[in-house]
Structures are given as structure tokens and as C-alpha cells.
Amino acid sequence: MLMYTIKRLGWAVLTLWVIITITFTLMHTIPGNPFAQEGTMPKAVYDNLQSYYNLDKPLIVQYGLYLKALVQFDFGPSLKSSSISVNDYIKNGFPISLHLGAQALLIAVTFGLILGVIASLYRNKFPDYLSMVLAIIGISVPSFILATFLMNFLAVEWRLFPVATWKSWSHTVLPSISLAMMPMAYIARLMRSSMLEVLSQDYIITAKAKGLKKGVIIIKHAVRNAILPVITVLGILTANLVTGSFIIESIFGIPGMGEMFVKGISNRDYPVILGSTVFYSAILIFLIFIVDIAYTWIDPRIKVTGESK
């Protein structure tokens with residue numbers, strides 16, 4: 001287990017380095033200049049800005065300086081806001097995105113598992129059809145359409161929730177639901193198919209023959225094994241939700257990492273774009289690593305050596 005963990009950590013570091021290299025190269029090869037939108041400025045001022053942010057140096061030198069700063073957990077200064085760094089952006093925006101993503105994840109996992117289990121237990125019956133209709137709607141309707149719909153009816157027409165911004169718990173309800181619908185639908189469909197497969201296994205039939213209560217069979221034996229495919233995708237879903245949805249945050253005026261990333265793209269702010277991408281990638285890789293380790297704890301049949309015993 002120790003060797004497996006070290007190996008996975010090594011691959012995680014290598015993957016993150018590849019992402020950093022590709023993103024850095026793409027950002028600096030796209031035509032344009034981050035100071036092009038500043039209008040006409042004296043050449044001396046332009047040269048000073050280029051020198052201050054090391055943009056006048058060869059690309060390989062800039063790359064080396066950026067990697068050196070990353071090792072020290074320094075994402076660099078913002079090119080558009082000299083008074084604030086990318087670390088400050090992340091420090092201010094990530095807790096908000098984390099709150100929104102965690103709340104959306106809780107909704108998605110809870111209701112997704114419930115809908116999937118109900119659909120499998122009542123296969124080809126009304127609860128199954130209703131659960132899958134909700135799942136299809138969640139997958140088919142884009143989050144920004146659902147967000148606009150919820151905002152128009154629940155906030156503007158019926159005044160049940162605030163329209164936008166981020167001040168109290170009531171401000172989090174609509175964006176959390178909008179963000180949770182698609183992963184909830186995906187989890188529900190995945191859980192249904194997995195449960196149907198597990199319920200047909202011999203050990204479930206044996207448990208029924210022994211006279212175990214239906215609730216014990218479902219919760220203790222069926223759900224625990226059926227949930228494995230859900231855990232596989234949970235790392236990626238968690239990263240997507242925790243780091244926030246760019247569109248949802250923009251619609252509801254939420255000052256999270258999504259807003260930071262969108263402004264960075266529009267301003268061609270290299271450090272902001274790189275910093276948010278690296279930060280997001282690190283979270284994603286870490287969560288995938290946790291899922292791999294959790295797999296062996298949930299299902300002892302899985303061997304980290306890859307050998308069947």
C-alpha cells in the first residue's frame with residue numbers, strides 16, 4: 001500500500017507538471033498582449049511594464065521563473081491589479097466557491113443516490129419512470145438555462161429567494177440547485193444501473209434466502225457495492241463543483257473563482273489564468289488520488305497490486 005501511494009503521488013506530480021507546461025505555453029503563444037487594452041501609452045511605460053512582469057525575457061526564462069515561484073506557492077501578481085496578487089484572488093474567491101460547491105455536492109449525492117436506489121427497487125414502475133425523467137431533465141437542460149428559469153420564477157416572480165449576490169444562506173439556494181442538477185442526474189442513472197446489477201448477484205439472493213430484512217440487504221449489502229462506480233466519478237464531480245461553475249457564478253453575481261477566471265481571460269491576465277488553472281488541476285488530481293485510496297477501503301476485493309487473489 002505504501003509503494004502504491006508513493007507511485008500515485010509521483011504520477012500526480014508529473015501530471016500537474018504537464019498541465020502547467022501546456023497551459024503556460026498556450027497562454028504565451030496566443031497572439032495579443034495583456035497591456036494592449038490599456039490604450040495608447042508611452043513606449044517607456046510599456047517597456048517598464050514588460051520588464052517589471054518579466055514579459056521581455058525569453059519564454060524559457062519566464063517558464064523557469066514561474067516554476068520557481070510555484071514551488072514557493074507563489075502564483076505571482078495580477079497584471080491588471082498591481083495591489084493584489086493571484087494568491088489573494090484565490091484566498092478570497094476559493095472559500096466562496098468551496099461553500100457553493102460543497103452545498104451543491106451534498107444535494108447532488110444525496111438526491112442522486114436516493115433516486116437511483118428507488119428507481120432500481122421499482123424497476124419499470126412509476127417511481128422508476130419518475131426518477132429517470134428527472135435525471136433526463138437534469139442532464140438535458142444546461143445549467144445556465146435552469147439557473148435563469150429558477151431566478152425568473154422563484155426569485156423575480158414569486159420572491160421566494162434573493163435575486164443574486166452572496167450575503168446569506170438564502171442567496172446560496174438557487175445557485176446550489178442549478179449547479180447540482182446535472183451531477184445529481186448523472187449519479188442517479190449510474191446508481192440505478194449499478195444497483196440493478198448488484199441486486200441480481202448470488203450473494204444478494206443468498207441473503208434473501210437466509211431471511212435477512214429487506215432494508216439490511218439493500219443498505220448493508222447492495223448499496224455498499226453498487227456505490228463503487230459512483231465513487232469513481234465522485235472525485236471529478238467534486239472538483240468541478242468545489243471550484244465553482246463559471247457560468248453559474250456569473251449569472252448569480254457570486255464573487256468566487258469563476259469570476260476570477262472569467263476576468264482573467266477577458267483581461268489576458270496570464271498569472272490569474274495560470275494560477276486558477278493550476279489550482280483547479282491540483283484539486284482535481286488530489287481528489288482522484290483520494291478516490292483511488294478510498295476504493296481499496298470500501299471494497300477489500302480490490303488489490304492495489306493489480307493482481308487477482
Relative contact order for the range 206-289, counting Cα pairs under 8 Å that sit 6 or more residues apart, in percent: 26 percent
Nearest 10, in degrees from 0 to 90: the angle of helix 59-71 to the longest Cα principal axis of the chain is 60 degrees
Taking Cα atoms, how many degrees apart are the long axis of helix 43-52 and the longest axis of the chain, rounded to 10 and kept between 0 and 90? 50 degrees
Of the options 176, 279, 21, report the single residue whose Cα projects farthest towards the positive end of the charge dipole of the chain (beta-carbon charges: Lys, Arg +1; Asp, Glu -1). 176
Let me have the 222 nm mean residue ellipticity of the chain computed from DSSP H runs of 4+ only, each contributing -39500 (n - 2.57), with the sum over all residues rounded to the nearest 500. -23000 deg cm²/dmol
Just order 269-282, 212-225, 95-108, 177-190 by mean Cβ neighbour count inside 10 Å, highest at the front, would you? 177-190, 269-282, 95-108, 212-225
Please work out the Cα center distance from the range 57-112 to the range 120-195, rounded to the nearest Å. 28 Å
Using a ≥ b ≥ c from the Cα gyration tensor of the range 29-182 (square roots of the eigenvalues), is it rounded, prolate or oblate, where a/c under 1.5 gives rounded and otherwise the larger of a/b and b/c decides, a/b for prolate? prolate
Does anyone have the angle between helix 2-29 and the longest principal axis of the chain? Alpha-carbon axes, 0 to 90°, nearest 10? 40 degrees
Per residue value of the accessible surface for the chain (all protein chains in place, 1.4 Å probe), Å²: 56 Å²
Using only the Cα atoms of the chain, build the gyration tensor, take square roots of its eigenvalues as a ≥ b ≥ c, and label the shape rounded, prolate or oblate: rounded if a/c is under 1.5, else prolate if a/b is larger than b/c, else oblate. oblate
If you take the charge dipole of the chain about its Cα centre, with +1 on Lys and Arg Cβ and -1 on Asp and Glu Cβ, which of 6, 190, 239 is farthest toward its positive end? 190
Loop only by DSSP, 16 or fewer other Cβ within 10 Å of the Cβ. Give me the chymotrypsin sites (Phe, Trp or Tyr not before Pro) in the range 50-108 that pass, ordered by residue number. 73
Percent accessible area from carbon and sulfur atoms, the range 1-139, protein chains only, probe 1.4 Å: 71 percent
Which whole-number percent is the relative contact order of the chain (Cα, under 8 Å, 6+ apart)? 27 percent
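The values are calculated or read from the model by the stated rules, or taken from the named source; none is laboratory data. A quick note: this is a predicted structure, and the numbers were derived from the prediction, not measured. Note that each Cβ is placed from the backbone with ideal geometry, even for glycine, and that neighbours are counted across all protein chains shown. Heads up: the accessible areas ignore ligands, DNA and RNA and are worked out on the full protein's heavy atoms, side chains in. Shrake-Rupley method; radii C 1.70, N 1.55, O 1.52, S 1.80 Å.
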